[in-house]
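The structure appears right after this line, and notes come after that.
The values are calculated or read from the model by the stated rules, or taken from the named source; none is laboratory data. Predicted, not measured: the structure shown is a model, and the values here were computed from it. Cβ placement follows ideal geometry from the backbone for every residue including glycine, while neighbour counts extend to all protein chains displayed. Protein only, heavy atoms only, side chains kept; ligands, DNA and RNA dropped before computing areas. Shrake-Rupley method; radii C 1.70, N 1.55, O 1.52, S 1.80 Å.
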Amino acid sequence: MMKHLAVLAALLAPLPALADPDPANWDTVKAEAEGQTVYWNAWGGSTTTNDFIAWVGDRVAEDYGVTLEHVKLTDTADAVTRVLSEKQAGENDDGAIDMIWINGANFAAMKEADLLFGPYAEQLPNWSVVDAEGKTVQTDFTVPTEGYESPWAMAQVVFVHDTADMPDRLGSMQALLEWAQANPGRFSYPQPPDFLGTTFLKQVLVDILPDPSVLEVAATDETYDAVTEPLWAYLDALTPNLWREGKAYPATGTAMFPLIADGEIDLSISFSPGAASTAIANSELPPTVRTFVLDKGTIGNASFVAIPYNSGSKAGAMIVANFLMSPEAQARAQDPEILGYGTVLNMDALSDADRAVFEGLDLGVATLSPAELGTVQAEPHPSWMTRIADDWMTRYGVAQ
C-alpha cells in the first residue's frame, strides 16, 4: 500500500521547470523557439514603429517559426510592475511578458530585483557585428547591462525646427531660453513622465551644469537640491514662454510634429536623428524642417530589449532579439522612410554586401551626419530622473 501511495505522490508532484535555453547553443535555441509565441511589450505610440515591429514578426515567423505579438504600451513601467507582481505571486515559469523594449530606470529596477533572464545578449550570433567599442551598448543610463539586455537602435537628442520660420540653429540651452523669451509660444516639450519630456529636462541640466559628471553617480539627499537648483531656475524662466504658456503640454513626442506642421510651434525635440526626415518623407512635416544639436553635444543612448526571468518563450525572445541586431533589420530601421533610427552595428564588421546596403541609404534632408551629430553626452544615473520627474509634476504638471 505504501509503495502504491509513493508512486501516486510521484505522479501528482509538479513537474520540474524546464531548464532555460543556453544562448551559446544556437542550434538548440532555434529548435526550441520553433512554434513559440513571443509577447513583446513595446511602446505603441508610433504607427511607423508599430509597422516595423509587425515586419519583424513576419520575418521571424518566416525564418524561425516564431509568432511575435506586439503588446502596445504607453508606459514601460506597466510591464515592469506586471513582472514584479507575477514574481510576488509565485508565477515563475510562464509569465505574460516575454520581451520588453526597455531603458534606463526600468532596466535598473528589473536588474536590481532579479526580474531578468540572462546574461544572454553578448552570446547571440549577431553580437559579433555590434559596435561595442564605439556605441553605448554595454551601459544603460550608467548601469552596466552585463548581457541582460540587447541593443537594437541608437538614439540621440536633436532639436527639430522649421527653417521657414526659425532659420538659425541654437548652440546651447541658454540660447534656447533666450530665443523662447523673444518668441513666446513657439516651443514646447512633452509632459513628463513621458520619456521624451523627461529627456528634455535631462538635456537642460547636462548643458547648463559646469560639470555634468556629477550626474553619473546616484543622486543623494545631500547632492540633489544643489545640483538641480539651476534646472528649476531655468524652467521658471522658460515655462511662461512655452506653447500655451506652459498651461498645457503635448502628451507624447509623436504629438510634437503635428504642432510644427500646423504652424503652432517652430521648434521641438526628438530622440531620433532621422525622425524628421522620415516625417518629411511621409508628408507629416514640411520640407523646410531641419535638425540641429547643441555646441557641447546632446544626450544619446541605445534602445534595448530584455527578457523577463519568467518568460515561457525565452528561446523565441532570443530569436527576436538576435534578428533585431541583424544587418537586415538594422538597415531597414535606419531607412528614414521606415524609422530613421541609428544603427548599433559596426560597419567595419559587416560583409561588403551588407555594408553597401547601409552606404546606399539616403538618410534624408533633415538628418545630420555622424560628424554633425558631434559629441554624445552620457545619460545621467536613473536616480536623478526619477526624482526630477516627480518634482517637475509638483512644480509644473497640468492635468491632461
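Would you say residue 167 is part of a loop (DSSP other than H, G, I, E, B), modelled with pLDDT of 95 or more and surrounded by fewer than 16 Cβ atoms within 10 Å (Cβ to Cβ)? Yes.
Scanning segment 23-44 for residues that are open to solvent by less than 10 Å² (accessible area, probe 1.4 Å) and of a type in the set (Phe, Trp, Tyr) turns up just one, 40. Residue 73 meets the conditions (1) modelled with pLDDT under 95; (2) open to solvent by 30 Å² or more (accessible area, probe 1.4 Å) in every case but one. The failed one is (2). In a residue-by-residue description of segment 107-118, the property of being open to solvent by 20 Å² or more (accessible area, probe 1.4 Å) and at positive phi applies to at least one position. Reported count of residues in segment 144-164, each being in a loop (DSSP other than H, G, I, E, B), over 24 Å from residue 111 (Cβ atoms) and open to solvent by less than 50 Å² (accessible area, probe 1.4 Å), is 2.
Within the option set 71, 29, being within 21 Å of the chain's Cα centre (by Cα) and aliphatic (A, V, I, L, M) holds for one residue only, 71. A Cβ distance below 7 Å, combined with a sequence gap of six or more or placement on separate chains, defines the contacts here; from segment 314-326, residues that are in the same structural domain as residue 60 (by TED's automatic domain parsing) and touching a residue at least 24 places away in the same chain (Cβ under 8 Å) reach residues that are of a type in the set (Ser, Thr, Tyr) and in a helix (DSSP H, G or I) in the pairs 319/64. Does residue 127 satisfy the condition of being aromatic (Phe, Trp, Tyr) and either modelled with pLDDT under 95 or closer than 23 Å to residue 28 by Cβ (or both)? Yes.
Matching residues to (1) more than 14 Å from residue 294 (Cβ to Cβ); (2) not small (Gly, Ala, Ser); (3) not assigned by TED's automatic domain parsing to the domain that holds residue 253:
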| residue | (1), (2), (3) |
| --- | --- |
| 167 | yes, yes, no |
| 172 | no, no, no |
| 177 | no, yes, no |
| 196 | yes, yes, no |
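Checking 240, 184, 210 one by one, the residue that is open to solvent by 20 Å² or more (accessible area, probe 1.4 Å) and under 21 Å from residue 297 (Cβ atoms) is 210 and no other. None of 259, 294, 267, 235 is in contact with a helix residue (DSSP H, G or I) (Cβ under 8 Å, 6 or more places away or on another chain), assigned by TED's automatic domain parsing to the domain that holds residue 202 and over 15 Å from residue 159 (Cα atoms) except 235.
Residues considered: 194, 236. Of these, the only one that is at pLDDT 95 or above and of a type in the set (Asp, Glu) is 236. Of the strands (runs of 3 or more DSSP E) lying entirely inside segment 37-119, those carrying at least 1 residues that are in contact (Cβ under 8 Å) with a residue 40 or more places away in the chain and touching a His at 6+ places or on another chain (Cβ under 9 Å) are 37-43. When segment 133-143 is filtered for residues that are in a loop (DSSP other than H, G, I, E, B) and either within 14 Å of the chain's Cα centre (by Cα) or without any contact (Cβ under 8 Å) to a residue 24 or more places away in the chain (or both), the ones remaining, listed by number, are 136, 137, 138, 141.
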